[in-house]
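The values are calculated or read from the model by the stated rules, or taken from the named source; none is laboratory data. Here the structure is a predicted model, which means the values were calculated and not measured. Here the Cβ positions follow ideal geometry from the backbone for every residue, glycine too, while neighbour counts run over all protein chains shown.
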Amino acid sequence: MLTGLMRRLGAVRSGDRREAGMGMILVIGVAILVSALAATAVAIAMTGLAQSRNRVDYEQALAVAETGVNFALGNIQYAYDTMATDYPIPAPTSLEPSTVCNQPVMNDTLTRPASAAVEQAWARQQIQDIISADPGCIQHSPNGDYVIFHPQASLVDGAPKVGRVYVQSWVPSISSSLAVSRLIKNEYVFIPYKPTVAVLTGGDLQIDSSTTVTAAYGVDPTLAGVHANGTITVDNGNPSVSGLVSSTGSSSASSNNFTSNPGGAVTTTDQQRVPFIDAYALYQQAPAVMAQAQNSTTADMSTWNDLCPDGSVRAYNGGVSPKTPCQGTVLNYNSSGTGFVLPFRGWSFDSAQHTWIASSTVASGIYYAADANVDVGTGNGTIPNITVIAQAQYSTTVTPTNLQCSTKQYGSINWNHYALGAPAYPNLWFYADTDVNTGANFTAGSNSSSSAVVSGMFVAGDQINLQTSSQGAVGSVVAADQCTTPPKGSSPVTEPQLPGEGIVSLNEVKNPAIYYDPNANAPFTSIVDTTLWLEYVG
């Protein structure tokens, strides 16, 4: 072997050009191969990094666009809850002070029917027009930019019902030459809120004595549940609930008659959504609710009565929005038109106590007590159709984020001894900004196999206290606990919790029978619900 190697080296030294050339070619070939492999590896790595970056940008662009949609839908819901109005984007600050794009409202100009391609081109052009009119309408997020276009929603008797939101996003920014852009469309409709349990409270709840909570005729009894976003206590008795009894806080209460609860112990579950309670907002929504109930394009509001702080009774104020209570036509002027006739339709007014008092001769109708409490007089009565609404008095406008608890006054309902046949306002017995308190010999609705179920809701912005030994009520109960202590103001009952303050400090259901009807919508709020989510590509 050594001899062969020496011979080969000798050949190289002696100038064997053929052997030397072959070696050089081999070295060069190996070098080229290695370089090609390295270049390929680098190219693959660079391509992978680029694809990864593009994928991240693509996903971020979707997230940024969804941020815009969520912002728009949140404000659309807020505008509906507080004023029963739309929240178009763009909009002038004179129409919507919190607008993110201070430009004239852009109406829905899309010609229908339209293909997806036509709608996409139209939406992109609208967004480009917004940017051209005011670059300040471009919104910025940590991951990119977006522009919202929400043409004015379809209205039903002045209140929004159906609408669309378009959002185009750019990542990393709209000014980048390498920006990744996505355009998404969201169609929504306002669906009336439905309580999912018989009794729902935003805070603590006490259930006592011989309370019975079950379902209305023909309804699955296990649906008639009770939920508190606080805790539930049972101080005495053995209350009966056919559906699940649950609380968000840990509750030690139990009952042998909590038939859907294993061992009768209260179950701990997540919080349930409690709607925003505001009588003024209900006033704004009333024509749309009434029009839908009457299956009409316009509402007949002739059964509505504003009970006003000056002792007048007035018709519903159907003027321009916002619709201010107690600005409509006076209904109880005396013959000379210089004063107010009281009692009127069975109602009298205690101006010192800021309280409207119902007698046993109250006529059927919807009664809206502005900046006042509501109480009942002595005696018993049957009222075929009635809804009572009590609006609290605030120093400034109440909103879901500014409840004005420190300045809140009045707005409570105290009721007993009367039999209510059916709600005059769709699916609503009582609606109080503050407290609802019911006493002995009180019934509402009907629940028999021989007739259709007649039900309604009992709604309190703060707390609710249902105590009666009668057959109770058909419908559902909601207490929002928006203010946790009774507000200042004259109390319509003789035993306020504190001198000069409200009437209820703790949600309590004691003795009544409540027959839950899950088939009726809440007529005071609706929930924005997405019916279509679509991305336009290309």
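Here is how the numbers come out for the structure above:
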quantity	calculated
Selection within segment 216-239 - among the small types (G, A, S) and modelled with pLDDT under 95	A216, G218, G237
From G10, G29, G68, residue being modelled with pLDDT of 70 or more and either exposed (fewer than 14 other Cβ atoms within 10 Å of the Cβ) or not in a helix (DSSP H, G or I) (or both)	G29
Residues of segment 223-254 classified as more than 31 Å from the chain's Cα centre (by Cα) and surrounded by 21 or more Cβ atoms within 10 Å (Cβ to Cβ), total	1
Residue check for A352: touching a residue at least 60 places away in the same chain (Cβ under 8 Å) and under 24 Å from I191 (Cα atoms)	no
Pairs with Cβ under 6 Å, 6+ apart, first in segment 135-158 and free of Cβ contacts under 8 Å to residues at least 12 places away in the same chain, second of a type in the set (K, R)	S154/K161
Members of segment 171-183 found to be under 30 Å from the mean Cα position of the chain (by Cα) and surrounded by fewer than 23 Cβ atoms within 10 Å (Cβ to Cβ), listed by number	L183
The one condition in (1) polar (S, T, N, Q); (2) closer than 30 Å to Y410 by Cα; (3) buried (at least 18 other Cβ atoms within 10 Å of the Cβ) that Q271 fails to fulfil	(3)
Within segment 479-538, considering residues that are out of contact with any helix residue (DSSP H, G or I) (no Cβ under 9 Å at 6 or more places or on another chain), among the β-branched types (V, I, T) and modelled with pLDDT of 65 or more, the one surrounded by the fewest Cβ atoms within 10 Å (Cβ to Cβ)	T531
Test: residue in segment 437-459 that is of a type in the set (F, W, Y), in the same structural domain as S505 (by TED's automatic domain parsing), in a loop (DSSP other than H, G, I, E, B) and closer than 20 Å to A279 by Cα	no
Cβ-Cβ under 9 Å pairs, at least 6 apart or on other chains, segment 335-346 side more than 22 Å from G365 (Cβ to Cβ) and in the same structural domain as G365 (by TED's automatic domain parsing), far side outside any strand (DSSP E or B) and of a type in the set (A, V, I, L, M, F, W, C)	S335/V341
Qualifying residue in segment 101-120 (condition: not in a loop (DSSP other than H, G, I, E, B) and not hydrophobic (A, V, I, L, M, F, W, C))	yes
Any hit, segment 306-319, residues being under 33 Å from the mean Cα position of the chain (by Cα) and free of Cβ contacts under 8 Å to residues at least 12 places away in the same chain	yes
Residue within segment 190-199 that is among the basic types (K, R) and either over 26 Å from the mean Cα position of the chain (by Cα) or surrounded by fewer than 18 Cβ atoms within 10 Å (Cβ to Cβ) (or both) present	yes
Of all residues making up segment 423-457, the number that are small (G, A, S) and either out of contact with any Ser or Thr (no Cβ under 8 Å at 6 or more places or on another chain) or modelled with pLDDT under 90 (or both)	9
